[in-house]
Structure formats: structure tokens, C-alpha cells
Amino acid sequence: MTRLTRRQFLLGTVAAGVGASACTRQSSPAPTLVNDVHSQLNPTRVDRVVPIDSVETLRRLIRDARDEGKAISIAGGRHAAGGQQFGAGMILADMTPMNRVLDFDPVRGAIEVEAGIQWPALIDSTLRAQTGQRRPWGIIQKQGVDRISIGGTLSANAHGSGLGLKPFIGDVEAFTLCDAEGRLHRCDRRRNTELFRLAIGGYGLFGVVTSVRLRLAPRRVLQRVVELTDVERLVPILETRTREGFLYANFQSMTDAHSEGFLRQGVLTCYRPADDRAPAPAERQELSADTWKRLVSLAHTDKSRAFQIYAGGLLATSGRTCWSDTHQLATYVDGYHRWLDGQLGAAHPGSEMLVEFFVPRPVLAAFLADVRKDFLDHDVDLIFGTIRVAEQDDESVLAWARWPAACVVFNIHVTHTPEGFISAAATFQRLVDLVIRQGGTYYLTYHRFASRAQVEARHPRLGQFLKSKQAYDPQERFGSDWYRHYAALLTEIDLR
């Protein structure tokens, strides 16, 4: 088996990323170049992209892939940034055409949707199905970006900004999975329970999720409560807010490295059920695209001003009302860095690399103090920083919330040069060392920069997870560059 060195991975897979993997033979005469939406750090030449609009189309693709001796990777909104959705030389199954609502239960508060549907369409469909209802249902939680598929959300076991909520697995009642032979399996907490626990957070390696049944929550009017605070007080405030019945919370960190408040202070937005007499709010309250782009530009050029405008705008909305589902929608401009690079006259393309760390809540302030020192010592360009919380996940095999967690997200600027990629990898590895020191872990969704020792220290079940993948899919019909990387790193599996 051919193994990639770390330098080959950084300079080849990430920087170039457009040729065949060292362990993959490409037979397509005209491979298709794909990439993730946000970081743009995963340029990959796949054999071809096949839109999947039905189970029969999917089964036909599986038969074709078997006949051609090729593996299948699976993508939805293409926001995962660790290579989970792409595989060099593989056939890419584009699930976005499978976007229908299959069933809505207004009595129990549940909805069955095809896996390719994305959050805005799901929310809109739920609202349309309940026009005129006095007590409607709404989604429970979603990520901070909208155009992500429900199948992708399940496969990454993502989380939102809820208080008292598990990661996404807590919202999933059941799903249907198509295996490497084209057979459908219904998975829930009673049937196919091992597959249920493996596939949620399993990055598409056990088959293609074709539909998901989600729990809903009563749709409520919420009141926004906004305050400036510091990280030393954040966890006690959130614990108090949770006891008081608040439902959501989101903390945005100050990112100006020249300020004493850098990674020490920020703006906290919490949401509580409004008084029954509160008027119904407007449906949508996101930032306009122009305002969003202005804030992103300032986050690169004048971080103090960016925080001043952002925090000031939020503070001005304190006391206003919003809906529990649509307030979770957010503005995001795809491909914004192409515009931004031109505006800034950048010598090289750039992007933001998402990284996320999970620490026991009592050590959040200590972890951020360590990160602050590291970022100052190494001149790390932090664009945005967000803190949320999640409750313990005691179900998924690759659980990241193995205790009640503080979830720390950093958007770090990366210059797309060999030196920039090496710097990004080094930054992440230092951060993993810091999170290990505090007994925390990190999210596998965003990159593949961790060393073997770091992976084994913070994701001890990953090796067994890969063995389970081999048991369920011995022909490796479903794969990705993420799978290739970790199988080569942790096991002796001979990958084609």
C-alpha cells in the first residue's frame, strides 16, 4: 500500500488537489474538478458527478460503479471541508435533487424528508404545510449556514445554538440507508441500531442516506436578550439562562488581536420564549448580503470596527421578537472570498478555514486563554470566533460531545500558497495540543491535519469505526479522501 507523507498531503492533496490520489487510478478521460464551498481547500478531480433524484437512480449508479470498479462519494451542500464528500477518481453522487417532503405528522410533530433537501426549503415546506394552524411546529436546530443538506447534517452529526440540546442525533427519529448492494435499511433506536449509531456522524461511509425523519418542536415567538460579557462569566450565564427556560444562545468573540478583549470578551445573544401577548414577528431578520459583505471585509481589515458594528447592531435588537425556527437562518454569500480578494488586492487567493473544538465547560476560559497566547505568539489571523454549547451525545459511535460541551468555532484566514497551507496545518496541530491539555476534543468535519497521536488521543473510537465500515462495506463501494486518509493513518487497510 502506498502511503502519503504529511508533506505530500499538505502540498499535494491540499495545495494542488487536482490530480489523482497517490493510491487511486483515474480512468475517466475528463474528470470533473469539485471543491468545498467555504474553505476551498479540497480541490478534487472526481470521475464524474451524477445527480441523484430517486432511489432507482441511486441503485443504477451503484450498479454502474460496481461494474466499473469505482467507489462512490456523496455530497449535498458541499460545506464539509475535510474531504468527506469527495474522493479523487471516485464517482460523486450529488444528492441535492432528492429534496422532497415525504410525510408530515402534525399530531406528533415529525417530518420525513429526502436527504438532499436543504434547511431553507425544509423550513419553508414546514410552514406551508401548516398555514393557518394555531399551534404550528418548527425545526429544533440547524447549523450556522443554511444551504446544507439534511443528509449532510446527519452524516456530520452537526449542532446548532440550542440550549439543553444534544447534537443533531437527538433530533433524528429514523432514516433510510441504501447499502452497497442497493438494499434499503430503516434505521432507528429499535431497528438496525448499530447502523443508526454508526451512520449518524459517519460521513457517508456506510451507505447513502435517502430520507430522514426529524422530530420537530412547537414553533414559538422568542425574545432576544443581548449583552456584552466575558468568557470567564459565559458558562455561568448560559447555565442560568438554561434554567430560566431560554432556548438558544450564541456568543461572538472579539477578534482584534490588538485589544485587551481579544478572545476574552464578546457579545452574547440569548433567546427566551416571549410573552403570549407578544406580536408575531417578521418572518426573516437576517443581515442583508451587502451588510454581511461589509462586515466580512472589515473582519479582514479592521477587526475592532467590525466587532463594534456587529455588537452594536445586535445590542440595538435586544428585546425584539423572532420565530424559533426562522431566526436560525443566516446570511452567507457563496464564493465571497473571490470578491474579497479582488477588493483587497490580495497577491494570492485566500479563504477561511473552519476549526471547532469541544471542551468541558468548566475549562472554557482556560482553553481560550491558551488559544489567545498561541494566536498572539504566532500571528494567527482570526476572522470570526463563536461559542455555543451542546449536551452529551451518548449514542453515536464517533461522538464528539462526550460530556456537556462548550463548542468553540474559529474561522482562520488561510493564504493559498504552500507556506500558507503548512502554517494552517501547524496552527491546527498546536490547537489540538491545547485542547488535549484541557481534556477536550475536536471536530473531524473540517480538515485532516491532526497527527496520528492526536487522532488516537481524542478520537479513540475511530479505529474501530473504520473496522465497522469494512464489515458493512467490504468492497469499499462508498469512500472519500477523508476515509482514505484515516484508513492509511490508523489501519493497514489496502485502499484502491
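The values are calculated or read from the model by the stated rules, or taken from the named source; none is laboratory data. Model, not experiment: these values are computed from the prediction. Neighbour counts run over all protein chains shown; Cβ positions are idealised from the backbone, glycine included.
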**OP:** Can you tell me which residue within the stretch 280-303, out of those that are surrounded by 15 or more Cβ atoms within 10 Å (Cβ to Cβ) and among the polar types (S, T, N, Q), is modelled with the lowest pLDDT?
**Re:** Gln285
**OP:** Could you grab me the full set of residues in the stretch 75-107 that are of a type in the set (A, V, I, L, M), in a loop (DSSP other than H, G, I, E, B), out of contact with any Leu (no Cβ under 9 Å at 6 or more places or on another chain) and closer than 14 Å to Ser211 by Cβ?
**Re:** none
Subject >> Options Cys407, Cys322: the member that is within 30 Å of Arg128 (Cβ to Cβ) and outside any helix (DSSP H, G or I) >> reply: Cys322
Original post:
Going by the structure shown, is Asp275 of a type in the set (Asp, Glu) and assigned to a helix (DSSP H, G or I)?
Top reply: no
Original post:
So, in the stretch 248-279, of the ones that are among the small types (Gly, Ala, Ser) and under 27 Å from the mean Cα position of the chain (by Cα), which residue ends up surrounded by the most Cβ atoms within 10 Å (Cβ to Cβ)?
Top reply: Ser253
**OP:** Check the stretch 239-247 and report whether any residue there is more than 30 Å from Asp473 (Cβ to Cβ), crowded, with 17+ Cβ neighbours inside 10 Å and aromatic (Phe, Trp, Tyr).
**Re:** yes
**OP:** Give me the pairs, please: first residue somewhere in the stretch 218-234 and under 11 Å from Arg272 (Cα atoms), second residue anywhere and of a type in the set (Lys, Arg) and in a strand (DSSP E or B), beta-carbon distance under 9 Å, and either six or more positions apart or on two chains.
**Re:** Leu222/Arg272; Gln223/Arg272; Arg224/Arg272; Val225/Arg272
Original post:
Just to be sure, is Thr131 surrounded by fewer than 21 Cβ atoms within 10 Å (Cβ to Cβ), modelled with pLDDT of 95 or more, over 26 Å from Leu238 (Cβ atoms) and among the β-branched types (Val, Ile, Thr)?
Top reply: no
Subject >> Given (1) free of Cβ contacts under 8 Å to residues at least 24 places away in the same chain; (2) crowded, with 22+ Cβ neighbours inside 10 Å, index of the condition Arg484 fails >> reply: (1)
Original post:
Got a sec? Which of Arg215, Arg183 is in contact with an Asp or Glu (Cβ under 8 Å, 6 or more places away or on another chain) and either among the basic types (Lys, Arg) or at pLDDT below 95 (or both)?
Top reply: Arg215
Original post:
Say we look at the stretch 415-452 and pick out the residues that are assigned to a helix (DSSP H, G or I) and either at pLDDT below 95 or among the charged types (D, E, K, R) (or both); which of these is nearest to Leu198 (Cα to Cα)?
Top reply: Arg452
Original post:
Can you name every residue in the stretch 356-367 that is within 20 Å of Ala450 (Cβ to Cβ) and in contact with a helix residue (DSSP H, G or I) (Cβ under 6 Å, 6 or more places away or on another chain)?
Top reply: Phe357, Val359
